[in-house]
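K.L.:
This is the structure, below, for whatever I ask next.
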Amino acid sequence: MNGQDKILGGLNAEQHQAVTHVDGPLLVLAGAGSGKTRVLTSRVAYLVAQGHAAPEQILAVTFTNKAAGEMKARIEKLTAIDQRRMQVSTFHSFSSLLLRFYGDHIGVPKNFTIYDEDDAMSLVKTSITELGLDIKTTAPAMVRGKISDAKSQLVDSTKYLTMAGNFITERVARVYELYQRKLFAARAVDFDDLLFYAVKILREDEETRIRLQNKYHYVMIDEYQDTNHAQYMLAKLLTASHKNLFAVGDEDQSIYGWRGATIDNILNFEKDYPGCRIIRLEQNYRSTQTILKAASDVVANNQMRKGKTLYSVGDKGEPVTLLIVETDRDEAEKICENIETLIAQGTIRREIAILYRTNAQSRAIEESLKRRFIPYRIVGGLRFYQRKEIKDMMAYLRLIENPKDDVSFKRVINYPKRGIGDTTVAAMAELSRTKNLSLYELAADKGANQDLGRTVVVKLAKFVEMLTYFKEMSRTLPLEPLLTLVAERSGINKDLKDNDPSGNEGRLDNVAELASSAGDFGTERPEATLADFLQEISLYTDLDNWDRESDTVTLMTIHAAKGLEFEAVFVAGLEEGLFPLGRSLENPADLEEERRLFYVGMTRAKTRLFISYANTRARLGGRQSIRSRFVDELPDEVVVAERHTMMNAYGALNPDFEQSVMTMQNDQFAAIRVGSSVAHARWGEGTVLKRSGSGDSTEVEVRFHFAGTKKLLAKYAKLRVLT
């Protein structure tokens with residue numbers, strides 16, 4: 001197979017057209033499961049292989065580091081291009097790189113620190129307090145959200161103040177202005193600043209803009225429907241001279257309006273790029289015909305869409321199963337029963353996902369999974385880099401690199417405890433403001449900090465001495481031993497050992513894992529510095545550390561599941577006020593986004609799709625639920641309903657109703673479930689195929705590895721559950 005056959009082989013007609021498109025703007029409307037990643041990677045390979053561009057002349061931008069890494073690997077496999085020659089990254093990573101090179105043109109220091117959301121929130125709270133405002137009436141989360149929205153719209157603090165039209169926005173404007181001053185003083189930027197300043201450079205620095213336009217002759221944007229105004233402007237400015245923008249997206253999967261993304265960017269593509277070409281990828285390679293029919297019929301109710309009809313060349317597949325249950329606990333039980341059946345039929349656990357609208361829905365499902373000994377993993381809970389011990393380590397590392405980082409200083413000045421309490425830190429903060437020094441600079445200046453008292457001055461001197469030593473060692477030590485040194489000498493390791501001597505919480509292991517990841521980073525990039533490592537991990541997203549190979553059932557919100565696929569998917573909680581969320585019911589645009597979210601959830605499934613709703617749910621105080629309008633939009637011909645409720649569809653008592661939770665609570669054999677691995681004293685290990693009855697009457701059918709299939713009464717079989 002020659003190079004071109006390798007790149008173009010197996011593409012359908014529309015994919016081929018997209019891949020071989022060279023110059024001019026192109027919008028690829030790529031439906032769910034239509035092979036958009038294949039198109040993106042093949043086009044990069046095609047442009048290079050045909051001599052249209054060198055790898056360095058192509059910029060490909062996506063939304064997660066994981067997706068960027070996979071894209072690089074695929075391109076390298078197609079063309080043998082060295083990954084280091086390619087600029088494939090997230091918007092934030094590219095913007096950060098741009099600022100490292102050109103940020104000083106607009107006053108951004110090259111060695112800036114990137115604050116994550118927790119750090120930014122901490123600084124917002126400090127700003128509110130210093131302005132004498134009440135945190136109860138000026139909620140930090142609200143203020144932080146409005147500042148983020150303003151930056152996404154490229155509105156700086158000065159302009160925001162002129163736009164302030166009421167009491168609330170005037171307060172936000174004051175906090176915004178002080179917040180930005182504090183970021184500047186700390187040589188720090190938040191995530192929104194990365195995009196904001198990147199656009200500012202391209203707008204205001206003509207020489208840099210022309211240089212980058214010439215450098216990146218072809219710009220490719222993945223998930224174009226999820227871009228916000230700042231990202232849209234970044235792409236527009238980079239392609240202003242040559243118009244070679246290759247945008248791939250699906251308006252039916254635009255689900256991030258709540259964080260600034262605007263569907264208008266994809267809907268108005270022809271207006272922004274007159275004469276552009278549009279190619280629709282409508283052949284789905286993921287889901288069965290039945291699943292596509294259900295998803296397509298639902299999303300067709302939206303008005304804000306360009307329109308496409310997905311079709312599958314695969315099997316018709318099983319009907320969509322609609323589980324109608326009495327309570328959210330019953331919902332969890334029925335989902336888990338179906339999971340046990342799927343596993344017994346051969347579906348591996350990592351190919352099963354339970355999706356929900358809000359994280360709070362996971363509690364009842366988790367309880368049921370635990371009772372049945374079904375291994376699971378929640379994605380989007382507490383991320384590795386958000387764990388306390390990791391945040392503490394990161395604060396030390398950031399202080400080594402940037403002594404002006406007051407947020408990090410406050411985090412570790414008394415951790416592990418060294419007798420410098422909140423009162424002292426508050427006094428230091430006040431003194432640092434009057435003397436125009438960072439907290440670290442104040443701690444290091446014995447002339448400036450004398451008013452704090454001799455005991456405090458001595459303790460601060462020891463802290464500064466330790467950080468100075470770390471700074472010196474960072475110049476020569478490789479990354480992994482440097483992090484190990486910091487963990488030991490700072491006292492973090494000792495504190496973790498003292499507070500968790502058994503190691504059950506795994507915090508010490510997490511610190512070791514951080515050091516190990518730094519070592520891996522250093523191996524991959526031998527020239528990398530501590531600053532490079534800090535920048536890399538500050539830009540990680542929720543899914544970047546998710547191990548798809550882990551043999552567990554996956555629980556996650558539908559937002560977190562975007563871009564993923566599973567053999568079997570359960571979408572739970574289809575009730576008005578929950579899905580769609582109550583706040584969306586007043587706004588048609590928000591309601592359409594909720595419907596798109598349901599569409600995304602359904603199209604994660606390859607072969608089996610289950611949808612469920614409960615008549616009552618704990619979040620409503622046990623009150624009656626109303627089934628979601630989205631359920632009514634499902635086409636009857638592809639749905640099979642299973643009613644596990646006290647009353648049937650006609651209002652009469654349902655004789656088949658099972659109170660699953662009560663049965664579980666009173667069942668001494670609850671752990672023996674369909675799909676469980678069990679051991680028998682005589683016949684050895686086997687797998688449970690069927691189960692019937694309850695209590696002393698529980699019967700099970702077990703397929704033993706060497707003894708064949710046996711029907712047993714659980715009361716006398718004395719089976720030992722293995723998994």
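K.L.:
Would you tally the residues in the range 88-99 being in contact with a helix residue (DSSP H, G or I) (Cβ under 8 Å, 6 or more places away or on another chain) and open to solvent by 40 Å² or more (accessible area, probe 1.4 Å)? I'd like the intermediate steps shown before the answer.
P.N.:
Of all residues in the range 88-99, those in contact with a helix residue (DSSP H, G or I) (Cβ under 8 Å, 6 or more places away or on another chain) come to 88-96, 98-99.
Add one more test, that the residue is open to solvent by 40 Å² or more (accessible area, probe 1.4 Å), and what stays is 92.
Of the residues in the range 88-99, 1 are in contact with a helix residue (DSSP H, G or I) (Cβ under 8 Å, 6 or more places away or on another chain) and open to solvent by 40 Å² or more (accessible area, probe 1.4 Å).
K.L.:
Another question, if that's okay. Given the conditions (1) closer than 30 Å to R525 by Cα; (2) outside any helix (DSSP H, G or I), report the number of the one that K446 does not fulfil.
P.N.:
K446 satisfies every listed condition except (1).
K.L.:
Do we have G145 as among the small types (G, A, S) and either over 30 Å from L212 (Cβ atoms) or at pLDDT below 90 (or both) here?
P.N.:
Numbers: among the small types (G, A, S): yes; either over 30 Å from L212 (Cβ atoms) or at pLDDT below 90 (or both): yes.
Yes; evaluated as a whole, the condition is true for this residue.
K.L.:
Give the range 430-465 a look and list any residue that's touching a residue at least 60 places away in the same chain (Cβ under 8 Å) and among the hydrophobic types (A, V, I, L, M, F, W, C), or say none.
P.N.:
Passing the criteria: none in range.
K.L.:
Based on what the data block shows, is L514 surrounded by 12 or more Cβ atoms within 10 Å (Cβ to Cβ), touching a residue at least 40 places away in the same chain (Cβ under 8 Å) and part of a helix (DSSP H, G or I)?
P.N.:
yes
K.L.:
Looking at T41, T20, which is the one that is under 17 Å from G249 (Cβ atoms), of a type in the set (S, T, Y) and free of Cβ contacts under 8 Å to residues at least 60 places away in the same chain?
P.N.:
Working: T20 fails: under 17 Å from G249 (Cβ atoms).
Matching residue, one of T41, T20: T41.
K.L.:
Since I365 meets every condition but one in (1) touching an Asp or Glu at 6+ places or on another chain (Cβ under 7 Å); (2) farther than 30 Å from T709 by Cα; (3) crowded, with 18+ Cβ neighbours inside 10 Å, which condition does it not meet?
P.N.:
(1)
K.L.:
Would you check if I128 is outside any helix (DSSP H, G or I) and over 16 Å from D193 (Cα atoms)?
P.N.:
Here the answer is no, as I128 does not meet what is asked.
K.L.:
While we're here: T208: in a helix (DSSP H, G or I), touching a His at 6+ places or on another chain (Cβ under 8 Å) and surrounded by fewer than 18 Cβ atoms within 10 Å (Cβ to Cβ), yes or no? It would help to see each step written out before you state the result.
P.N.:
Working: in a helix (DSSP H, G or I): yes; touching a His at 6+ places or on another chain (Cβ under 8 Å): yes; surrounded by fewer than 18 Cβ atoms within 10 Å (Cβ to Cβ): yes.
Yes.
K.L.:
Could you say whether any residue in the range 66-83 is modelled with pLDDT of 90 or more, touching a helix residue (DSSP H, G or I) at 6+ places or on another chain (Cβ under 6 Å), of a type outside the set (F, W, Y) and crowded, with 19+ Cβ neighbours inside 10 Å? If you could, list the steps in order and put the result at the bottom.
P.N.:
As a first pass, look at the range 66-83 and keep what is modelled with pLDDT of 90 or more: none.
No: the range 66-83 contains no residue that is modelled with pLDDT of 90 or more, touching a helix residue (DSSP H, G or I) at 6+ places or on another chain (Cβ under 6 Å), of a type outside the set (F, W, Y) and crowded, with 19+ Cβ neighbours inside 10 Å.
K.L.:
Go through (1) in a helix (DSSP H, G or I); (2) open to solvent by less than 80 Å² (accessible area, probe 1.4 Å); (3) not charged (D, E, K, R) one by one and return the number of the condition V155 breaks.
P.N.:
Status for V155: all satisfied but (1).
K.L.:
Still on this structure: How many residues, within the range 494-511, are among the acidic types (D, E), modelled with pLDDT of 80 or more and either surrounded by 14 or more Cβ atoms within 10 Å (Cβ to Cβ) or within 16 Å of M393 (Cβ to Cβ) (or both)?
P.N.:
First, pick out the residues of the range 494-511 that are among the acidic types (D, E): 495, 498, 500, 505, 509.
Checking which are modelled with pLDDT of 80 or more leaves us with 495, 498, 509.
The next check asks that each one be either surrounded by 14 or more Cβ atoms within 10 Å (Cβ to Cβ) or within 16 Å of M393 (Cβ to Cβ) (or both); those that pass are 495, 509.
Residues meeting the conditions: 2.
K.L.:
So which of D495, D509, D422 is of a type in the set (D, E, K, R) and touching a Pro at 6+ places or on another chain (Cβ under 8 Å)?
P.N.:
On inspection, the qualifying residue turns out to be D495.
K.L.:
Moving to a separate point now. Please go through the range 675-718 and give me each residue that is closer than 23 Å to I339 by Cα, open to solvent by 30 Å² or more (accessible area, probe 1.4 Å), assigned to a loop (DSSP other than H, G, I, E, B) and in contact (Cβ under 8 Å) with a residue 12 or more places away in the chain, ordered by number.
P.N.:
S694, H705, listed by residue number.
K.L.:
Name the residues in the range 517-539 that are in a helix (DSSP H, G or I) and among the charged types (D, E, K, R), would you? Spell out the reasoning first.
P.N.:
Taking the range 517-539 and keeping what is in a helix (DSSP H, G or I), we get 517-524, 530-538.
Across the range 517-539, the qualifying residues are D520, E524, D532, E536.
K.L.:
Go through (1) more than 14 Å from Y218 (Cβ to Cβ); (2) buried (at least 18 other Cβ atoms within 10 Å of the Cβ); (3) modelled with pLDDT of 95 or more one by one and return the number of the condition G33 breaks.
P.N.:
(3)
K.L.:
Something else about it: Condition first: closer than 30 Å to I266 by Cα, within 27 Å of the chain's Cα centre (by Cα) and surrounded by fewer than 19 Cβ atoms within 10 Å (Cβ to Cβ). Now tell me which residues in the range 307-360 satisfy that.
P.N.:
Result: T358, N359.
K.L.:
Looking at V44, V39, V108, V19, which one is outside any helix (DSSP H, G or I) and open to solvent by less than 20 Å² (accessible area, probe 1.4 Å)? Break it down into steps so the answer makes sense when it comes.
P.N.:
On the way: V44 fails: outside any helix (DSSP H, G or I); V39 fails: outside any helix (DSSP H, G or I); V19 fails: outside any helix (DSSP H, G or I).
One residue alone meets the criteria, V108.
K.L.:
For the range 59-105, enumerate the residues that are part of a helix (DSSP H, G or I) and in contact with a Leu (Cβ under 6 Å, 6 or more places away or on another chain).
P.N.:
Looking only at the range 59-105, we keep the residues that are part of a helix (DSSP H, G or I), and these are 65-79, 83-85, 91-105.
Hits for the range 59-105 are K66, H92, S93, S95, S96.
The values are calculated or read from the model by the stated rules, or taken from the named source; none is laboratory data. Since the structure is predicted, the reported quantities are computational estimates derived from the model, not experimental observations. Methodologically, a virtual Cβ is constructed for each residue, glycine included, from the backbone with ideal geometry; neighbour enumeration extends over all protein chains shown. These accessible areas exclude ligands, DNA and RNA; they are computed on the full protein's heavy atoms, side chains included. Shrake-Rupley method; radii C 1.70, N 1.55, O 1.52, S 1.80 Å.
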